[in-house]
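Note sheet for the following structure.
The values are calculated or read from the model by the stated rules, or taken from the named source; none is laboratory data. Quantities reported herein were computed from a predicted structural model and do not represent experimental measurements. Here the Cβ is made from the backbone with ideal geometry for all residues, glycine too, and neighbour counts use every protein chain on show.
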Amino acid sequence: MTTLGTALRKRLENTIREAREVADEAAADAVARLAIADARPPAYLSDRQKALRRRLRAHARSLGDKLDADDTMETRRLAEAIAYEHWHRMLFGRFLVERDLLIHPKHGVPISRGDLKELAEEEGFADEWELVERFAAPTLPAVFKPDDPVLELELDPHFQLRLRRLVTELPEQVFAADDSLGWTYQFWRAAERKLVDQAVKETGIKIGSVELPAVTQLFTEPYMVKFLLHNTLGAWWAGKLLAANSDLARNAPDEDVLRRACALPGVEWEYLRFVHEEDDGNWKPDAGSFPGWPKRAAEITYCDPCCGSGHFLVEAFGMLAALRQAEEGLSPAEAACAVLRDNLFGLEIDGRCVQIAAFNIALAAWRLADGPVDLLVPHIAWVGAPPPLPKSQFVALANRDGELQRGLGALHDLFRQAPLLGSLIELSGGDLVDPTRVARIEQSIAALVDKMRGAEPELAEGALAARGMADAAAILSRWFTLEATNVPFLGRGKQHIDLAGHLKTGLKPPSPISRRPCWSACGGSRNQLAQSLQ
C-alpha cells in the first residue's frame, strides 16, 4: 500500500482547506443569486433558473434543511452539498485521469490530463470536469450523478478558476497514494471540527446531528485497519490452513513462517498474530479461528457500520477478493464483482462519505482487475438521511399500493432520527425486519423512482430519498459474519440530550432480528457501538 509522506499529506491538507473556503464562498454566492432561501423567486430569474431553484429547494429538504411556515428555506446543508460536489467532482476526476481510469466511451482508450481540456471543448462540454462527470457516470453511478441539481448550478467563473487551479496544482504523487481519499474528507471537515470544539469549550453546547459528523469522523491509519482485519479474516484463513496441515501447525519455527504459509497474492497478513499452545504444542491464531463462521469465503459477510470514506471496506475488499480467488479460482475481475455482490457492506451517517467510499471501492476494484471493468453498485448506504416530506405526503407516493404504503410509512418512522442516530437505528418489528419483504419494497421503490423522473421536484426527491432509506434498511436487517470499525467515540457529557436518552433507554438486548454480534476490538455490533459512544 502506497501512503502519503508527511510533506505530501501537509500539501494535500493545505490545498483542501483552501478549497473548502473557496467552495463555501462560491456556494453562498450561488444560493444568494437564485434567492433559494426566499419564499418567492426574484423576477429577474429566467424560467430555467426558476425551475432549477425549485429543484434545489426540494433537494435541500431531502438533505435535512427545513422549510418554515412562511415558505422561507434553510439552506445550510444545501450550501454544504454545493461546495462539496463542485470541488470533489474535480478531485475525483483528477484521480481517474492520473490513474488512466477515465476511458473514452467511443474509442475505449484512457484520456490523458493533457487531452482533457481540448477534448471537452471538442465535445461541447462547459469544462473538463463536466466531461469527466459524463464519461465516468455510466461506470460509477454511485459517485457521478449528472442529474444532480447541485451540479446544474453554475458557480461564478471567478470561483471556478480558483478551484481548478487548486486541483491541478496538486502533485501527481497525491493521486497515486492509496490513503489520499481517506485523508481528504477529514481535511475537508477540519475547520468545522475546530469551530465545534471551540463552541463546546466556550459555551458547553452538546453534540447533536449537526455537529456529530465533523467531531467523530477521523481517518483510521492503515496499521489499525490491517490489525483488526488480519486478526479476523486472516485468523479465520490461518485456522483453516493449520487445521489442514498438522505438520505446519506443530513444527513451524516462528510466526514469520506461519504468515508466509498463509500469504496470498497481495495479502501478506503482516499483522496476524499466532500463539504456541502449551496443551497440544500446536500453533494457533492468537485471536482464535472462528469456528462459527462459514466454511467458505464466499459466504462471509462483512459490514463496517461507520464506514466513513471506506478505508476498512477497501482493505476488506482486497482480502476477501484474494480469499475467493484462492478458494474458487476466480479471475481478478470475477473476484472483484463477486465480493461487491456477496461479501461487502457499509453504512455511514454522512451521505458525502458514502460517495467517497463508493469511489474508493471502485478504485480498489479496478486496481485488482488491472483496468476499468463494469462493477455492481456497492452495498454502501446513507443511514443519516431524514424523510424529506411529512409522513402523509411520503406515504402518498405509493399511489394506493398497499404494501408499498406500509413500507414507506415504516421507513418514515424508522428514519425520523436518522441524522442523529445513524447506524444506531434499531429495527424492532414490522415489514422492515424481514429481508424478503425489504427486497420487495426496494423493487417497488426502484420502479417508483423511474416513474417519478420528470415529476414535481418534491415528489422526485421523495422517491429518491425512499430508495436510499430502503437501501439502508436492507443492510440494517441483515446478519453479518463480521463487523469491524473504528467507532465514533463521544463522551456522555458531550452528547445531545436526545442521543444520550436513546443510548440509555432506546437500545434493546440482541435478538434474533439484530445483526449478529461479532469480534472487533473497536466494537462491532450496534450495542458495542452504542457503548463506545457512552
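Considering only the stretch 280-304, state which residues are more than 30 Å from the chain's Cα centre (by Cα) and not in a loop (DSSP other than H, G, I, E, B). Selection gives TRP283, LYS284, PRO285.
Condition (residue is charged (D, E, K, R), in the same structural domain as ALA83 (by TED's automatic domain parsing) and farther than 21 Å from ALA79 by Cβ) applied to the stretch 162-171: is it met by at least one residue? Yes: one or more hits. Residues in the stretch 217-265 that are under 23 Å from LYS295 (Cβ atoms), in contact (Cβ under 8 Å) with a residue 40 or more places away in the chain and assigned to a helix (DSSP H, G or I): 15 in all. I need every pair where a residue in the stretch 350-375 that is among the β-branched types (Val, Ile, Thr) has its Cβ under 7 Å from the Cβ of a residue that is surrounded by fewer than 20 Cβ atoms within 10 Å (Cβ to Cβ), sequence separation at least 6 or different chains. Qualifying pairs under 7 Å: VAL373/ALA333.
Return yes when PRO146 is surrounded by fewer than 19 Cβ atoms within 10 Å (Cβ to Cβ), at pLDDT below 90 and more than 28 Å from ARG17 (Cα to Cα) and no when it is not.
no
Can you pull out the residues in the stretch 286-325 that are acidic (Asp, Glu) and touching a Ser or Thr at 6+ places or on another chain (Cβ under 9 Å)?
Start the filter on the stretch 286-325 by keeping residues that are acidic (Asp, Glu), which leaves 286, 299, 304, 315.
GLU299, ASP304 - these are the residues of the stretch 286-325 that are acidic (Asp, Glu) and touching a Ser or Thr at 6+ places or on another chain (Cβ under 9 Å).
The number of residues in the stretch 266-305 that are among the hydrophobic types (A, V, I, L, M, F, W, C), without any contact (Cβ under 8 Å) to a residue 60 or more places away in the chain and more than 23 Å from GLU328 (Cβ to Cβ) comes to 3. CYS307 falls short of the stated requirement of being in a strand (DSSP E or B) and under 30 Å from the mean Cα position of the chain (by Cα). Residues that are within 29 Å of GLU21 (Cα to Cα), without any contact (Cβ under 8 Å) to a residue 40 or more places away in the chain and either among the hydroxyl-bearing types (Ser, Thr, Tyr) or not in a helix (DSSP H, G or I) (or both) within the stretch 77-111 comprise just one, LEU102. Among the residues of the stretch 120-144, those identified as of a type in the set (Gly, Ala, Ser), over 10 Å from GLY93 (Cβ atoms) and out of contact with any Lys or Arg (no Cβ under 8 Å at 6 or more places or on another chain) are ALA120, GLY124, ALA126, ALA142. Only residues that are over 40 Å from the mean Cα position of the chain (by Cα) and acidic (Asp, Glu) were counted in the stretch 228-261, giving 1.
Selection within the stretch 154-177: residues that are acidic (Asp, Glu) and touching an Asp or Glu at 6+ places or on another chain (Cβ under 8 Å). The member of this set that is surrounded by the fewest Cβ atoms within 10 Å (Cβ to Cβ) is GLU172. Of the residues making up the stretch 33-51, at least one is of a type in the set (Gly, Ala, Ser), under 20 Å from ASP147 (Cα atoms), free of Cβ contacts under 8 Å to residues at least 60 places away in the same chain and not in a loop (DSSP other than H, G, I, E, B). Which ones in the stretch 385-411 are in a loop (DSSP other than H, G, I, E, B) and over 30 Å from THR485 (Cβ atoms)? Answer for the stretch 385-411, where residues must be in a loop (DSSP other than H, G, I, E, B) and over 30 Å from THR485 (Cβ atoms): LEU389, PRO390, LEU397, ALA398, ASN399, ARG400, ASP401. Taking the stretch 412-485 and the helices (runs of 4 or more DSSP H) fully enclosed by it, the elements with 2 or more residues that are surrounded by 17 or more Cβ atoms within 10 Å (Cβ to Cβ) and touching a residue at least 60 places away in the same chain (Cβ under 8 Å) are at 418-421, 457-476. Can you go through SER309, SER289, SER246 and tell me which one is under 24 Å from ARG341 (Cβ atoms) and of a type in the set (S, T, N, Q)? SER309 is the lone residue from the list that is under 24 Å from ARG341 (Cβ atoms) and of a type in the set (S, T, N, Q). Among the residues in the stretch 345-352, are any assigned to a helix (DSSP H, G or I) and of a type outside the set (Val, Ile, Thr)? Yes, some residue in the stretch 345-352 is assigned to a helix (DSSP H, G or I) and of a type outside the set (Val, Ile, Thr).
Would you kindly identify the helices (runs of 4 or more DSSP H) lying entirely within the stretch 138-210 that contain at least 1 residues that are out of contact with any helix residue (DSSP H, G or I) (no Cβ under 8 Å at 6 or more places or on another chain)? Reasoning before the result, please.
Details: elements: 149-152, 157-168, 172-176, 180-188, 190-203.
Here the list reads 157-168, 180-188, 190-203.
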